[in-house]
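The values are calculated or read from the model by the stated rules, or taken from the named source; none is laboratory data. Bear in mind the structure is a predicted one, so any value in this text is a computation, not a measurement. Every residue, glycine as well, gets a Cβ built from its backbone with ideal geometry; the counts of neighbours run over all protein chains shown.
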Amino acid sequence: MWYNNILETIGNTPMVKLNKIVKDIPATVLAKIETTNPGNSIKDRMALKMIEDAEKSGKLKPGGTIIEGTSGNTGMGLAIAAVIKGYKCIFTSTDKQSKEKFDALRAFGAEVIVCPTNVEPEDPRSYYSVSSRLEREVPNSWKPNQYDNLSNSQAHYEQTGPEIWEQTEGKVTHVVAGVGTGGTLSGIARFLKEKNPAIKIIGIDTYGSVFKKYKETGEFDKNEIYPYITEGIGEDFLPANVDFNLIDHFEKVTDMDAALMTREIARKEGIFAGNSTGSAIAGVLQMKDMFKEGDVVVVIFPDHGTRYLGKMYNDDWLRDRGFIKEEKLTARHIISKKEAQDIVTIDCEKTVLEAINTIKSLNISQIPVTQKGMVIGKITESDILTSLMENPGVKSQTVASISTAPFPFIDLNTAIDKISAMINKDNIAVLVEDDNGKIEIITQYDIINAISA
Ligand SMILES: Cc1ncc(COP(=O)(O)O)c(C=O)c1O
């Protein structure tokens, strides 16, 4: 058996039981994994449905250009369908989205215009406004408008809802999904509530979005709106596809919780999912008291982790946003905080008097002793004092005669607590070779300096 083209492979996505990540929840929690769609996201379903409905109504004509404001996934679905059906695509998106998403769209021949995130939807620079302007200017063009085009939620009423019903054999009690355009959750909700009105529908929202407050108070509060990081969910307006009567509850999740949970899902369940999936699972865990034994909770996993490799799956990105704490300080960090200065050493053939003069003139209390440039020992203030007390004539003897075992060498990645434990009365410093092979000395003073810097 084969498919006639890639579009026929859309839908019938697998449902997978979650285990470790939801171990504190007595219910069965099932992931509906939408990444097996050809564009690796749930949006393939509605993209194709919007195109087919527009073809039927005559809004989209042969050879036409599809113009849409999209954060990437809808664009991918549209771009794939456009390849098969012979349309051109121009997408507008925001500079908040992963660059990988734009590159993926361009791979299918689409044109992508990146617009600023932090402007009002009505602003002529916003990605909504730019796509509307292009629709007026480009001949034979059509704008699907995924927010207000009800073919979007209809796709989920016709496909995703029935799939969930069948895969759970009608046992589903809750559905949880991030809400962006609202198409996914509203379409699923309409189908499932027709089957069983007791099924609870829960929307995941972000801090910085208007949905939750609007649902709970009926007020569209502009004060709720501020920039946020989570991609794909939450909005600063009310799309027609969000059916507030069908969504029973909205749960808000922070950017940090969403980002960290996205990584946890890969590590605990082996499922490589996108940012809004992390948000949904973090939301499920926040609401854990809502679920009881026997419940069957279906969580939508809308897209794939590869689109977020430069973001939640990148430690530097997380660290820059304060989402993970700085790791323990290491020797590398300590020497980076030291003033650039060549280490002072003394050759073992020099006299003790020369060592005393060096110590005095540089105001230091220890010197590594070298032989042909290699560190072979050390000489310290207290070694000198003890020797002088025993024998004042030691001044004219060689450094080698009173030098003791060298300071221990450590690795650049040795943690600060280990280094500090190595430094004591008998061993007042450690040595480390930097990335260029230069030897540096670390004393107690340097550790204090690095911690307090
Ligand atoms: C990654 C991701 N998750 C969730 C959503 C939300 O789905 P919907 O727009 O159907 O509400 C979107 C929508 O853009 C998305 O891209």
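Here are a few things to note about the model shown:
- Total residues in segment 245-279, condition in a loop (DSSP other than H, G, I, E, B), closer than 20 Å to GLN97 by Cα and within 12 Å of the ligand (Cβ to nearest atom): 1
- Residue among LEU285, LEU309, LEU329 that is surrounded by fewer than 21 Cβ atoms within 10 Å (Cβ to Cβ) and modelled with pLDDT under 90: LEU329
- Qualifying residue in segment 310-318 (condition: closer than 30 Å to ILE164 by Cα and either out of contact with any Lys or Arg (no Cβ under 9 Å at 6 or more places or on another chain) or of a type in the set (Phe, Trp, Tyr) (or both)): yes
- Filtered residue count, segment 48-70, keeping only those that are closer than 15 Å to ILE90 by Cβ and within 31 Å of the chain's Cα centre (by Cα): 5
- Residues in segment 122-145 that are surrounded by fewer than 14 Cβ atoms within 10 Å (Cβ to Cβ) and not acidic (Asp, Glu): PRO124, ARG125, ARG133, ARG136, PRO139, ASN140.
- Among the numbered conditions (1) away from the ligand (no atom under 16 Å from the Cβ); (2) of a type outside the set (Phe, Trp, Tyr); (3) over 26 Å from LEU285 (Cβ atoms), the only one that LYS171 does not meet is (3).
- Options LYS49, LYS32; residue that is within 16 Å of the ligand (Cβ to nearest atom) and part of a strand (DSSP E or B): LYS32
- Filtered residues of segment 52-72 (kept if within 16 Å of the ligand (Cβ to nearest atom) and touching a Leu at 6+ places or on another chain (Cβ under 8 Å)): GLU68, THR70, GLY72
- Residue in segment 193-207 that is surrounded by the fewest Cβ atoms within 10 Å (Cβ to Cβ), counting only those that are within 15 Å of the ligand (Cβ to nearest atom) and free of Cβ contacts under 8 Å to residues at least 60 places away in the same chain: ILE201
- Residue within segment 108-126 that is within 16 Å of the ligand (Cβ to nearest atom), among the aliphatic types (A, V, I, L, M), assigned to a helix (DSSP H, G or I) and under 25 Å from THR184 (Cα atoms) present: no
- Residue within segment 79-101 that is β-branched (Val, Ile, Thr), surrounded by fewer than 21 Cβ atoms within 10 Å (Cβ to Cβ), assigned to a strand (DSSP E or B) and under 23 Å from the mean Cα position of the chain (by Cα) present: yes
- Complete set of residues in segment 213-239 that are within 24 Å of the chain's Cα centre (by Cα) and either within 13 Å of the ligand (Cβ to nearest atom) or of a type outside the set (Phe, Trp, Tyr) (or both): GLU224, ILE225, PRO227, ILE229, THR230, GLU231, GLY232, ILE233, GLY234, GLU235, ASP236
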